[in-house]
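Undergrad: Pasting a structure here, questions to come.
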Amino acid sequence: MKRITLSLFAFLTHFVCQAQNFDVIPLGIYGGEQEDNLSAYLVGASNDSTYLCLDAGTVNTGIRKAIQLKSLNGSAESVLKDQIKGYFISHGHLDHLSGLIINSPADSKKDIFGIAPVLQILQNHYFITDTWINFADKGQKPILGKYHYNELQEGIEVPTQKTSFFLTGYELSHVNPYKSSAALVRSGEHYLLYLGDTGADRVEKSDRLNTLWDRIAPLIKKGQLNTILIEVSFPNSQSEKMLFGHLTPNLLTEELTKLKEKTGGKNLEGLHIVVTHRKPTGDNPEIIKKELLDNNPLQVNYIFPEQGKKINLP
């Protein structure tokens, strides 16, 4: 009996540790139009009050909403300055970084992680005198040096220094040859995957998602990765010629089917898909949600984030 009790305790301990490895708090969820609710997701280790911000379309409004909903503690100023320890910026479009730019005067020193083309956009087009001022540590003078650029090399993991996380960057195609990117976040032996804007490989005539699926399939098989944040911008009615490097529910299913084949599983039960970047035009968000839930052959767990509300990952 004692041996059985110890075995059960070990199993439950393993399950709890695995289930509570990441906290995700959406600061913004949409892919345009609503400037107070644009793509930005805080990710933190469970039972920790420090975060990495995955994209930064909306920051301050999202922080205040999260405080109101008790997803965050402290003042908006303390969250921005003390709890957010760095940013990963997936690509150079304003709905993914405008909050970082506009809040930079009130921010504290921290790191910005991104692939080379993204950092070059920040350096050459945003943090310059004509559009703002240079709060980073490279580029046009005067250089204020508040933000430190950290270039991510394809497939090479780096520590985030001010959090317990490690990051690996992967290129994505967002209207080929324009580059977006994904971040594979590691905490201990567990992973979370965040994708910026991306089109399907077939539509983009690219292999970027296939490369990413090759990398994460072994992690899914081992139970080390069970959460993916990925965009679905348009309903299925949107013509593929008018997607501009984005996904529909059918295209997401097409890509996840390729991922399933690489994992060797019959389906992807237990995989949590957080649906990001829905375009808020008209009824699009609800249409996208219905189309995903009505046609879910892979049996994934779709999660539809709400601004400021902590996502409870099982």
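Undergrad: Hey, among the residues in region 96-138 that are under 19 Å from the mean Cα position of the chain (by Cα) and not hydrophobic (A, V, I, L, M, F, W, C), which one's surrounded by the fewest Cβ atoms within 10 Å (Cβ to Cβ)?
TA: Pro117
Undergrad: Right, another one. Take the residues of region 174-196 that are out of contact with any strand residue (DSSP E or B) (no Cβ under 7 Å at 6 or more places or on another chain) and more than 18 Å from Lys85 (Cβ to Cβ): which is surrounded by the fewest Cβ atoms within 10 Å (Cβ to Cβ)?
TA: Of everything passing the filter in region 174-196, Pro177 is surrounded by the fewest Cβ atoms within 10 Å (Cβ to Cβ).
Undergrad: Go through (1) within 18 Å of Lys310 (Cα to Cα); (2) crowded, with 23+ Cβ neighbours inside 10 Å; (3) touching a residue at least 40 places away in the same chain (Cβ under 8 Å) for Ala45 and report which single condition fails.
TA: (2)
Undergrad: Further question on the same structure: List the strands (runs of 3 or more DSSP E) inside region 107-165, counting only whole elements, that have at least 2 residues being without any contact (Cβ under 8 Å) to a residue 12 or more places away in the chain.
TA: Hits in region 107-165: 143-151.
Undergrad: Among the numbered criteria (1) surrounded by 17 or more Cβ atoms within 10 Å (Cβ to Cβ); (2) free of Cβ contacts under 8 Å to residues at least 60 places away in the same chain; (3) part of a loop (DSSP other than H, G, I, E, B), which one does Cys53 miss?
TA: Just one mismatch for Cys53, condition (3).
Undergrad: A follow-up question, please. I'm checking my understanding of the structure. Among residues of region 65-84 that are farther than 8 Å from Gly308 by Cα and among the basic types (Lys, Arg), which one is surrounded by the most Cβ atoms within 10 Å (Cβ to Cβ)?
TA: Going through the qualifying residues, I end up with Lys81.
Undergrad: Here is a further query. Please indicate, with yes or no, whether at least one residue in region 21-34 is of a type in the set (Ser, Thr, Tyr) and modelled with pLDDT under 95.
TA: No - not one qualifying residue is present in region 21-34.
Undergrad: So, in region 139-173, of the ones that are modelled with pLDDT of 95 or more and basic (Lys, Arg), which residue ends up surrounded by the fewest Cβ atoms within 10 Å (Cβ to Cβ)?
TA: Lys141
Undergrad: Within the group Val175, Val185, which residue is farther than 17 Å from Leu259 by Cα, β-branched (Val, Ile, Thr) and not in a strand (DSSP E or B)?
TA: The match here is Val175.
Undergrad: Give the residue that is nearest to Asp283 (Cα to Cα), with candidates limited to residues of region 234-272 that are hydroxyl-bearing (Ser, Thr, Tyr) and surrounded by 15 or more Cβ atoms within 10 Å (Cβ to Cβ).
TA: Applying the filter and picking the extreme gives Thr248.
Undergrad: Looking only at region 197-233, count every residue that is among the hydrophobic types (A, V, I, L, M, F, W, C), crowded, with 23+ Cβ neighbours inside 10 Å, within 23 Å of Ile311 (Cα to Cα) and touching a helix residue (DSSP H, G or I) at 6+ places or on another chain (Cβ under 7 Å) and tell me the total.
TA: The total comes to 2.
Undergrad: Same structure again: Condition check: outside any loop (DSSP other than H, G, I, E, B), crowded, with 17+ Cβ neighbours inside 10 Å and either at pLDDT 95 or above or not small (Gly, Ala, Ser) (or both). Does Leu298 satisfy that?
TA: no
The values are calculated or read from the model by the stated rules, or taken from the named source; none is laboratory data. Since the model is a prediction, treat every value here as computed from it, not as a measurement. We place every Cβ from the backbone using ideal geometry, glycine too, and count neighbours over all the protein chains shown.
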